[in-house]
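Undergrad: Sharing a structure below in structure tokens format, with a few things to ask.
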Amino acid sequence: MRKNRKIKANDTRQNIILEKKLLTPQKIFAVVFLISILLIGISFSILTVQDARRLDVAYYGLPEHVSDALGQTLQHIDTHTYYPNGVRETMLTVDDMQNEKRVARSYDVLFMWNGAQANHIADNAQNISADIYNAFPSAIRQVGENGKVLPVLLDHYEVACLHDAQQQNVPENFAMFEMYLDALKETVAFPLFCAGSDDEVMLAFIGAIVESLAGNSGYTALVEEINKAQSFDACLDTRLSEINNQEITLRTILAVVVSWQKSGIIHQSWTAAVWEDALAFMRDKVVGVVFMSLSQHRTVPLRTIQNYTITRFPPSANVQNHALIAPSVVLITFSNNEQFRNNVALSFVSEQLQEYLSNLTQLAPTASRGSAFDRQADDVRYWAASCASGPVAALGNAAFALTEQQASFAKDVRNYLRTQ
């Protein structure tokens with residue numbers, strides 16, 4: 001009996017010793033580590049499932065009121081069926097957009113201006129049903145010819161002509177425009193003005209002259225040349241078009257502006273002018289024609305803007321194929337859910353939501369059906385639809401994916417204009 005007890009006691013001691021050997025600090029750490037990894041994996045799986053069930057919407061480069069309007073419009077669309085965990089909205093920065101593939105992985109829908117950067121990121125996007133593009137006039141449909149960007153709103157670079165200064169009808173073509181400006185020297189201090197310290201506005205002004213004199217083909221040629229060369233000097237003498245045996249280049253376009261500067265048609269310091277200068281000149285009625293965007297137009301007090309007639313930048317009568325410098329707010333989707341993609345795209349171009357968006361943003365609708373905010377917005381849609389090549393991005397966004405490249409090019413243009 002004692003012997004059996006002794007054997008059992010020995011067995012117990014051996015088991016304790018064995019357990020101590022098995023449960024070394026290293027092995028305990030390894031077990032805890034493996035359990036932690038398992039828990040992290042489970043948590044990550046849960047978060048991934050939750051993310052997949054949430055709609056992630058991003059906005060880039062848009063005015064705050066436009067982003068807000070797009071977000072409010074989304075609330076009128078059934079997204080819960082496809083993404084039951086709600087909507088998360090994010091404002092992307094320039095740094096965020098450096099990694100386009102990451103943007104494509106992280107978001108289901110992106111809203112931004114059309115142009116070079118939109119075209120680049122659309123390479124990572126999903127297709128939108130071709131049938132949805134039938135909602136647009138054929139000319140506006142060209143904005144989404146790759147089937148991956150959907151235009152939902154239009155801005156526009158226009159000219160505002162002072163009523164009191166009009167000695168003739170608002171000019172319909174570029175030749176009449178130059179005569180009109182020359183005649184204004186007798187009645188106003190500054191026949192033409194543009195707030196040229198803003199890179200986008202200044203390049204849009206130059207681009208509008210290029211499009212007018214060289215047509216859409218010449219405008220496209222300049223955009224492609226800038227994209228390829230990324231240098232102002234390399235683009236100066238590239239042939240854009242030929243009219244009446246005269247070659248049109250960026251140098252000849254800038255020569256027109258230089259001649260306006262020297263003759264007093266445009267303010268000598270227009271390349272350094274800010275929007276507040278334009279507002280003051282318009283208020284005091286000392287400027288005959290102002291080049292501006294529809295978005296800028298909306299900030300002009302009613303008592304001031306009512307003194308001006310709004311029209312598109314006069315196109316050259318020597319060119320048949322024209323486009324309208326009218327930046328588009330585009331929808332790009334990366335969602336793998338085809339039914340959702342087509343539902344959200346179709347909703348944004350529906351008659352009801354096009355009217356809703358135009359009223360909220362005061363910009364122009366893009367679809368054939370849907371009331372515009374006012375006559376100015378409706379005119380923009382009409383002009384875009386009437387141009388053979390439809391609406392195109394302003395020169396800065398059309399040619400440059402990076403803002404620093406646009407700024408550098410704009411600086412070179414200003415230096416050239418100031419030193420001629």
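The values are calculated or read from the model by the stated rules, or taken from the named source; none is laboratory data. Predicted, not measured: the structure shown is a model, and the values here were computed from it. For neighbour counting, all protein chains shown are included, and Cβ atoms are generated from backbone atoms with ideal geometry for every residue, glycine included. When the accessible area is computed, the model is the full protein with side chains, heavy atoms only, and any ligands, DNA or RNA have been set aside. Shrake-Rupley method; radii C 1.70, N 1.55, O 1.52, S 1.80 Å.
Undergrad: Could you check the range 79-116 and list, in sequence order, the residues that are within 16 Å of the chain's Cα centre (by Cα), small (Gly, Ala, Ser) and part of a helix (DSSP H, G or I)?
TA: Correct list: 116 only.
Conditions (1) crowded, with 21+ Cβ neighbours inside 10 Å; (2) in a loop (DSSP other than H, G, I, E, B); (3) modelled with pLDDT under 95, marked per residue:
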position	(1), (2), (3)
359	no, no, no
368	no, yes, no
384	yes, no, no
401	no, yes, yes
404	no, no, yes
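Undergrad: On to the next question. Can you tell me which of (1) on the phi < 0 side of the Ramachandran plot; (2) open to solvent by 10 Å² or more (accessible area, probe 1.4 Å) is the one residue 147 doesn't meet?
TA: Here residue 147 meets the rest and fails (1).
Undergrad: Scan the range 299-316 and report the pairs whose first residue is under 17 Å from residue 383 (Cβ atoms) and whose second residue is among the hydroxyl-bearing types (Ser, Thr, Tyr), with Cβ atoms within less than 7 Å and a gap of 6+ or a chain change.
TA: Going by the 7 Å Cβ cut-off, the qualifying pairs are 313/157; 313/212; 314/212; 315/212; 316/212.
Undergrad: Now for a different question. Restricting attention to the range 168-186, does a residue exist that is β-branched (Val, Ile, Thr), open to solvent by less than 10 Å² (accessible area, probe 1.4 Å) and out of contact with any Leu (no Cβ under 8 Å at 6 or more places or on another chain)?
TA: No, there is no match, as no residue in the range 168-186 is β-branched (Val, Ile, Thr), open to solvent by less than 10 Å² (accessible area, probe 1.4 Å) and out of contact with any Leu (no Cβ under 8 Å at 6 or more places or on another chain).
Undergrad: Pull up the range 254-272, narrow it to residues that are open to solvent by less than 60 Å² (accessible area, probe 1.4 Å) and closer than 16 Å to residue 288 by Cα, then point me to the one that is nearest to the chain's Cα centre (by Cα).
TA: For the range 254-272, the residue satisfying everything is 270.
Undergrad: Just to be sure before I move on: is residue 61 of a type outside the set (Lys, Arg), in a loop (DSSP other than H, G, I, E, B) and modelled with pLDDT of 95 or more in the structure I sent?
TA: Yes; evaluated as a whole, the condition is true for this residue.
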